[in-house]
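Participant: This structure is in structure tokens; I'll ask about it shortly.
The values are calculated or read from the model by the stated rules, or taken from the named source; none is laboratory data. Computed from a predicted structure; not experimentally measured. Here the Cβ positions follow ideal geometry from the backbone for every residue, glycine too, while neighbour counts run over all protein chains shown. Heavy atoms of the whole protein, side chains included, go into the accessibility calculation; ligands, DNA and RNA do not. Shrake-Rupley method; radii C 1.70, N 1.55, O 1.52, S 1.80 Å.
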Amino acid sequence: MAEPVRAALAAAATALAATSDTPRLDAELLMAHALGCTREDMLLRRLAAPAPAGFAALLARRLAHEPVAYITGCRAFWTIELIVGPGVLVPRADSETLIEAAVDHFRARSPARLLDLGTGPGTLLLAALAEWPAAEGLGIDASDTALGYAERNAAALGLAGRATFRRGDWAAGVTGRFDLILANPPYIGTAEPLPAEVAGHEPARALYAGEDGLDAYRALIPRLPALLAPGGVAVLEIGHKQAAPVTALLAGQGLAATLRHDLGGRPRALVAGVPQ
């Protein structure tokens, strides 16, 4: 007879301790996926049930450093659930800092037109559209794989009527003005080390941006002033050591920036606009 879910979770968390910073959470997410239920339902009602046979294979994949989101095929972000898989950047909770910053900026107002540069599976754009039901948005990405995921996510979330996705090189060829521009570009230097689950599985072009990690900012920031509507802002994710150089790049285009920190207290985003 299979061991109960409770015991299997404890053993899996122990096994994952050397692989993951969140071994218990990883084990719970994989077990819930194997059971075909939510994590909450599993914890409340199924801990005494027999562990499903398929759990061992899922655990083996995680022990080989495959991201949990690739194994389960989904990742929660802000108020939405996103379909993800190989070929796209896994959404991180730290990136929710960008949505929080945008909500704080607009307060009771709603931005009408949104632009997400490097949209990936639609992470930032779709979270923002879910936040502002009257808004419409455009997501740009150089990866056909990522755009395929973004379109699937927009349809699954009922946002396809307000979200358009297009293949492109950052903002090249994008016209019009936008109230909110979001971007989580690659910002890792080519020589910087990354965890095995990131370097070995997630797409390199969504991670690395030249020797100093600033190449993507150099490409996209010069186009921001022409794309920002009056009173609009661009919210850019940054690496924790990049606030000063990216702020300087923004200042060179006449944009003033305010720094935002993530829940861990690390510099995470710059909110940039034309000084009033």
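Participant: Is it true that Ala12 is assigned to a helix (DSSP H, G or I) and open to solvent by less than 40 Å² (accessible area, probe 1.4 Å)?
Facilitator: Numbers: assigned to a helix (DSSP H, G or I): yes; open to solvent by less than 40 Å² (accessible area, probe 1.4 Å): yes.
Yes, satisfied.
Participant: If you don't mind, there's one more thing I want to ask. State the number of residues belonging to the range 15-31 that are open to solvent by less than 60 Å² (accessible area, probe 1.4 Å) and without any contact (Cβ under 8 Å) to a residue 12 or more places away in the chain.
Facilitator: Initially, the range 15-31 is screened for residues open to solvent by less than 60 Å² (accessible area, probe 1.4 Å), giving 15-16, 19-20, 23, 26-28, 30-31.
Next cut, without any contact (Cβ under 8 Å) to a residue 12 or more places away in the chain only: 23.
Residues in the range 15-31 being open to solvent by less than 60 Å² (accessible area, probe 1.4 Å) and without any contact (Cβ under 8 Å) to a residue 12 or more places away in the chain: 1 in total.
Participant: Of the residues in the range 42-53, how many are in a helix (DSSP H, G or I) and open to solvent by 30 Å² or more (accessible area, probe 1.4 Å)?
Facilitator: Start the filter on the range 42-53 by keeping residues that are in a helix (DSSP H, G or I), which leaves 42-45.
Subsequent filtering for residues that are open to solvent by 30 Å² or more (accessible area, probe 1.4 Å) retains 43-45.
Matching residues across the range 42-53 total 3.
Participant: Which condition number does Arg166 fail, the rest of (1) within 25 Å of Tyr149 (Cα to Cα); (2) open to solvent by less than 70 Å² (accessible area, probe 1.4 Å); (3) in contact (Cβ under 8 Å) with a residue 24 or more places away in the chain; (4) of a type outside the set (A, V, I, L, M) being met?
Facilitator: (2)
To keep it simple, each residue is scored yes or no on (1) among the acidic types (Asp, Glu); (2) under 27 Å from Val198 (Cα atoms); (3) in contact with a Gly (Cβ under 8 Å, 6 or more places away or on another chain).
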| position | (1), (2), (3) |
| --- | --- |
| Arg62 | no, yes, no |
| His65 | no, yes, yes |
| Pro86 | no, yes, no |
| Arg107 | no, no, no |
| Asp116 | yes, yes, yes |
| Leu124 | no, yes, no |
| Pro133 | no, no, no |
| Ala142 | no, yes, yes |
| Arg162 | no, no, yes |
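Participant: Just one of (1) in a helix (DSSP H, G or I); (2) touching a strand residue (DSSP E or B) at 6+ places or on another chain (Cβ under 7 Å); (3) within 24 Å of Val246 (Cα to Cα) trips up Trp170, so point out which.
Facilitator: Tallying (1) in a helix (DSSP H, G or I); (2) touching a strand residue (DSSP E or B) at 6+ places or on another chain (Cβ under 7 Å); (3) within 24 Å of Val246 (Cα to Cα), Trp170 fails exactly one: (1).
Participant: Here's a follow-up. If you check Ala257 against the conditions, is it over 19 Å from the mean Cα position of the chain (by Cα), modelled with pLDDT of 95 or more, farther than 15 Å from Ala216 by Cα and of a type in the set (A, V, I, L, M, F, W, C)? Spell out the reasoning first.
Facilitator: On the way: over 19 Å from the mean Cα position of the chain (by Cα): yes; modelled with pLDDT of 95 or more: yes; farther than 15 Å from Ala216 by Cα: yes; of a type in the set (A, V, I, L, M, F, W, C): yes.
Answer is yes for this residue.
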